[in-house]
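Worksheet: one structure, shown below.
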Amino acid sequence: MGPRIIAGGLALSAAVWMAGPAAAATTGGGAAAACSALAGATVEAGRIALPTRGAAVTSATLTDSPAHGEYCKVLGAIHPVDPTAPDIRFQLNLPTAWNRKAVQFGGGGYDGTVVTGEATQWAAPGQLSAIRQGYATFGSDSGHDAAAQGQDPAAFALNAEAWNNFAKDQLKKTHDAAGALIARRYGAAPRRQYFSGGSQGGHEGFLVIQNWPQDYDGVVAFYPVYDLTALQLNGVLVGQSLYNTPGAWMPPEKMAMLHEAVIAACDGLDGAKDGLIANRPACRSGFKIAGLRCPGGGEGPACLSDAQIGFVGGFASDRKLGITLSGVDTFARWPILEGADMLRFSLGKQARPSVPPRQATDATVYFMGDQLTRYAVLGDAKADTLTFKAADHAAQLEAASRTTDASDPDISRFQARGGKLILVHGTIDTAVTPYNTIAYWERVQARFGAAPLRRFARFFLVPGFGHGDGSFVVGWDALAALDAWVEKGQGPDGPVAGDTARATAGRTRPLCEYPAWPKYKGAGDAAAAASFACVAE
């Protein structure tokens, strides 16, 4: 028997649509047969809105686990038009007890690893996985294999189709291929479709809002890299200021000293000494880095030189990019003087960078920027980005930005179709600065107005939360909050997050909508959210 071709996709008859709930309830041998029927299935290229050579299922296995219950694990590949480009590999999970909803999960970094859709993101204690809740879930590797890139995670960008897939096309291609397979398994399309991701996955959430809003009822985006090109250009500029200025580099012990000094000065400004700096405005005005200056501004073992103070000041300030990328000409400051621990996101292991091509032992923000600049902008693996001048390569940078950035504050198409957005960022994120997200939010708010925007989008800024780590690690069922908003019109008003950091697990805090922050009321258990009030002062 040849491969089963999925033609017609979601164009199903009324009778088949009505069969959806019954199909979802299939159990036992019926579920096994329905799953195995997907093995070897293909999706015609015409069912995928962007150009491909179609998709094929490589395996379909009925699985039962304590975490997810019974589901059909489907692995497949979407074939590129360019035969020299890699496939987009994907995983689709189809629960036997389907709730008629689906979630597409985003990736991270430069992607390159199949997003399984099995992990539970930012889980609160006792939270069920999306599959266990009945969602069909799926994700992809964005169209390349990270393992094949070695120490150069952006090397795939030398292939135009692979770059375009990573930049955004894989999102629509994976969505459409998964949708066709979901319709085949259950006899109906999902009644609700959500997207959830953080970092690059948060960027991908912004991409679907701005490019294919008709496909999604709601998006959860944590610490999004929405302006990827600007972020990576900023990383190159940071690297230049760090490595081209004699004495600017800071060893780990000095980064730790700076972090401890900021915590000591600012921890109690929100009313509670709990290792979290919530009152950022007071910290910015109250902490004086000059108190750490070495005598005469020279070198010293337990102080900062003038060169190091200068670097920190530049890192903690908005930085002009020298060009405009999708409306962005300035990259926001980093929270290094507001509690961010640079040991979590290294400034590198040596004062001098490795010779080109750069290595992951260099400052992380520079390494990531060097990758995109060499491979996606210059197309030259041997380029030295410490001498890179943005103005000399404006056309290439602008082309990269047009392809992948999601900086447009006009998300009115998403609003018009009834879409809902939950946006979360932490105050001590040193992989994607929270001030970058704040800058975007303020542009969107200027476009819509505060009250109309709040009707379909909420932004929570969390003290002590980093890039999935930090002094307070958010545990919150954001997907459930999104679903309640979409299904019942119940917006996430006054949500509470649990801390899942190992040392402080179990404490809770209110999630405050920006620009508010949680202030201790002066009495009550400092580990309980009820002892804090969201204030904006």
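Here are a few things to note about the model shown:
- Relative contact order of the chain, pairs being alpha-carbon contacts under 8 Å that are 6 or more residues apart, as %: 13
- Inter-centroid distance (Cα atoms) of segment 288-363 relative to segment 395-454, Å: 25
- Extending 7 Å from Cα along the Cβ direction at residue 290 and again at residue 45 yields two label points whose distance is 6.7 nm.
- Separation between Cα centres of segment 480-517 and segment 122-157, rounded to whole Å: 23
- Highest mean first, the peptides 281-288, 433-440 sorted by other C-beta atoms within 10 Å per residue fall in the order 433-440, 281-288.
- Fully extending the segment from residue 488 to residue 97, taken as 0.36 nm per residue of separation minus the present Cα-Cα distance, adds 138.6 nm.
- Cβ-Cβ FRET estimate between residue 147 and residue 53, R0 fixed at 30 Å, reported to 0.05: 0.80
- When DSSP beta bridges are restricted to pairs lying wholly in the chain, around 60% turn out antiparallel.
- Each peptide among 79-86, 40-47, 419-426 gets the average number of other Cβ atoms lying within 10 Å of its residues, and from highest to lowest they stand as 419-426, 40-47, 79-86.
- Between residue 317 and residue 329, the distance separating the two model label sites (each 7 Å from Cα on the Cα→Cβ line) works out to 1.8 nm.
- Sites residue 253 and residue 412 - FRET efficiency at Förster radius 45 Å, r taken between beta-carbons, to 0.05: 0.35
- Backbone N atoms of segment 406-438 closer than 20 Å to the 7 Å Cα→Cβ label point of residue 503 belong to residues 426-431.
- Relative contact order for segment 58-139, counting Cα pairs under 8 Å that sit 6 or more residues apart, in percent: 31
- Total formal charge among the other residues, if their Cβ is under 12 angstrom from that of residue 448, Lys/Arg +1 and Asp/Glu -1: +2
- log10 of Debye I(q)/I(0), alpha-carbon scatterers only, for segment 228-314 at 0.13, 0.15, 0.22, 0.23 Å⁻¹: -0.52, -0.67, -1.06, -1.09
- Straight-line cross-link reach from residue 519 at under 26 Å between alpha-carbon atoms covers these lysines, not counting any fewer than eight positions away in the same chain: 273, 288.
- Pairwise label distance in nanometres, residue 128 with residue 360, each label 7 Å out on the Cα-Cβ vector: 3.7
- Ranked order, 309, 336 - accessible area, probe 1.4 Å, largest first: 309, 336
- Accessible carbon and sulfur surface of the chain relative to its total accessible area, %, 1.4 Å: 56
- Of 292, 304, the residue with the largest accessible area leads and the full order is 292, 304 (1.4 Å probe).
- Put simply, the amide H of residue 144, placed in the peptide plane, has neighbours under 5 Å in 89, 112, leaving out anything fewer than 5 places away on its chain.
- Computed E for residue 392/residue 442 - FRET, C-beta separation, R0 41 angstrom, nearest 0.05: 0.85
- Working note: 222 nm ellipticity from helices only, DSSP H runs with n ≥ 4, each -39,500 (n - 2.57), summed and divided by the residues of the chain, gives -8500 deg cm²/dmol to the nearest 500.
- The mean accessible area for residues of the chain, using a 1.4 Å probe and ignoring ligands and nucleic acids, is 37 Å² per residue.
The values are calculated or read from the model by the stated rules, or taken from the named source; none is laboratory data. Just so it is clear, the structure is predicted and the values come from calculations on it, not from any experiment. Cβ coordinates were reconstructed from backbone atoms using ideal geometry, including for glycine residues, and neighbour counts include every protein chain displayed. Keep in mind that these areas ignore ligands, DNA and RNA; they rest on the heavy atoms of the full protein, side chains included. Shrake-Rupley method; radii C 1.70, N 1.55, O 1.52, S 1.80 Å.
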